[in-house]
Amino acid sequence: MNPSFVLQRALPTSSRLVFGCMGLGGSWDAQPIGADELRHAAAAVDAALEIGITLFDHADIYTLGKAEQVFGRLLKQDPTLRERLLLQSKCGIRFADANGPKRYDLSREYILASVDGILQRLGTEYLDVLLLHRPDPLMDAEEIAEAWHQLKASGKVRHLGVSNMHSGQMALLQQALPEPLVANQLEMSLLKHDWIENGTCFNDDQGKGGRVWSDTLQYCQRHGIQLQAWGALARGWYSGAAPQDAPAAVHATATLVQQLAAQHNVAAESLLLAWLLRHPAGIQPVIGTAHPGRIGACGAALQVKLSREEWYRLYVTARGLELP
Ligand SMILES: NC(=O)c1ccc[n+]([C@@H]2O[C@H](COP(=O)([O-])OP(=O)(O)OC[C@H]3O[C@@H](n4cnc5c(N)ncnc54)[C@H](OP(=O)(O)O)[C@@H]3O)[C@@H](O)[C@H]2O)c1
């Protein structure tokens, strides 16, 4: 049975795919945005819209704010665009500065100031979703709830979610919040497969990382929280960009991905995403490529229905070890 996800109810999207905007805006420095960066972003966003994507994922830190800025320019160029898509951004990571090392900050003041910065860079009056980017060891659920009340009441943010948090952290936050968290964005892919590994092998030596994921996957499923998978394209390692010195399992998986993609008559990228989509948790893959051709290559992912055997062949080849 498909779980009824709060985010899908609240934000009907025509595609299960999300476009990750981390690759927009140029380099991670203070160089101003030029015509090249604007053209690059426009081509990527067009390609994403072309394959039916409506949810765009940002973070205040991406290319040091330039990803949001360049996206804001696109929104300004086409005033109809804002209402045709959903904007999600994240806050809570602070880079090293004169006041301290790189750190996480989910204090009320920092959340509120971050959202103002995000809205200003995007040139929009509201965000559809705000994600708390990473768990801050000093976070206080009541304080976050206060920030949330203010953001909601002012109309600046419509829905709240988290990223890189485990079930215990989510439960702690949830008990202070009046509304359900709508999403959790975590690294999940055929390459980074500990999210299944830990449940499948929790009682076996092979499942040594189990402590971290614990029941996060099942917590999100039970509570209707949308799982979003960052790193979904596995950095291109299974679709032509594997480093020469990558482990043998990576090369074997890349070969298998190509073979199955050919059998299903789709590009390797679509096959790879179909592997995530086949899981019953209703995962939304966040694609990080900004290359229009590679974005287009993701477009057939929803049409691929992998058999149980194909899904397991990919999983077992990627883990490089027979299941216990
Ligand atoms: N919540 C978090 O903590 C978090 C962390 C990281 C990322 N994210 C989000 O998730 C999105 C996706 O994550 P990601 O970018 O880390 O992972 P990804 O989608 O697995 O990888 C995208 C990267 O791989 C490259 N790539 C993909 N296929 C390739 C190929 N065949 N050949 C060469 N290069 C290829 C892309 O370059 P090209 O652009 O040249 O194709 C891009 O740099 C991000 O945009 C961001 O929105 C969230």
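The values are calculated or read from the model by the stated rules, or taken from the named source; none is laboratory data. Just so we're clear, the structure is a prediction, and the values are computed from it rather than from any experiment. Neighbour counts are summed over all protein chains in view; Cβ atoms, including those assigned to glycine, are modelled from backbone coordinates with ideal geometry.
Which pairs have Cβ atoms under 7 Å, sit 6 or more apart or on different chains, and link a residue in segment 31-47 that is more than 24 Å from Cys298 (Cα to Cα) to one that is at pLDDT 95 or above and in a helix (DSSP H, G or I)?
Ile33/Lys66; Ile33/Gln69; Ile33/Val70
For segment 124-138: of the residues being of a type outside the set (Val, Ile, Thr) and away from the ligand (no atom under 16 Å from the Cβ), which is surrounded by the most Cβ atoms within 10 Å (Cβ to Cβ)?
Step by step, filter segment 124-138, then rank; the result is Tyr126.
Residues checked against (1) touching a strand residue (DSSP E or B) at 6+ places or on another chain (Cβ under 8 Å); (2) touching a residue at least 24 places away in the same chain (Cβ under 8 Å); (3) not in a helix (DSSP H, G or I):
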{"site": "Ala229", "(1), (2), (3)": "yes, yes, yes"}
{"site": "Ala232", "(1), (2), (3)": "yes, yes, yes"}
{"site": "Asp245", "(1), (2), (3)": "no, no, yes"}
{"site": "Ala249", "(1), (2), (3)": "no, yes, no"}
{"site": "Ala254", "(1), (2), (3)": "no, no, no"}
{"site": "Gln258", "(1), (2), (3)": "no, no, no"}
{"site": "Leu273", "(1), (2), (3)": "yes, yes, no"}
{"site": "His279", "(1), (2), (3)": "no, yes, yes"}
{"site": "Ala290", "(1), (2), (3)": "no, yes, yes"}
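For segment 212-227, which positions are part of a helix (DSSP H, G or I) and either within 18 Å of Arg16 (Cα to Cα) or of a type outside the set (Ser, Thr, Tyr) (or both)?
Within segment 212-227, Val212, Trp213, Leu217, Gln218, Cys220, Gln221, Arg222 meet the criteria.
I'm checking my understanding of the structure. Among residues of segment 151-164 that are surrounded by 15 or more Cβ atoms within 10 Å (Cβ to Cβ) and free of Cβ contacts under 8 Å to residues at least 40 places away in the same chain, which one is farthest from Thr317 (Cα to Cα)?
Lys152
Which one of these does Leu49 not meet: (1) more than 15 Å from the ligand (Cβ to nearest atom); (2) modelled with pLDDT of 95 or more; (3) not in a helix (DSSP H, G or I)?
Of the numbered conditions (1) more than 15 Å from the ligand (Cβ to nearest atom); (2) modelled with pLDDT of 95 or more; (3) not in a helix (DSSP H, G or I), the odd one out for Leu49 is (3).
Return a yes/no flag: does segment 79-93 have any residue that is free of Cβ contacts under 8 Å to residues at least 60 places away in the same chain, within 27 Å of Ser167 (Cα to Cα), within 16 Å of the ligand (Cβ to nearest atom) and basic (Lys, Arg).
So far as segment 79-93 goes, no, none of its residues is free of Cβ contacts under 8 Å to residues at least 60 places away in the same chain, within 27 Å of Ser167 (Cα to Cα), within 16 Å of the ligand (Cβ to nearest atom) and basic (Lys, Arg).
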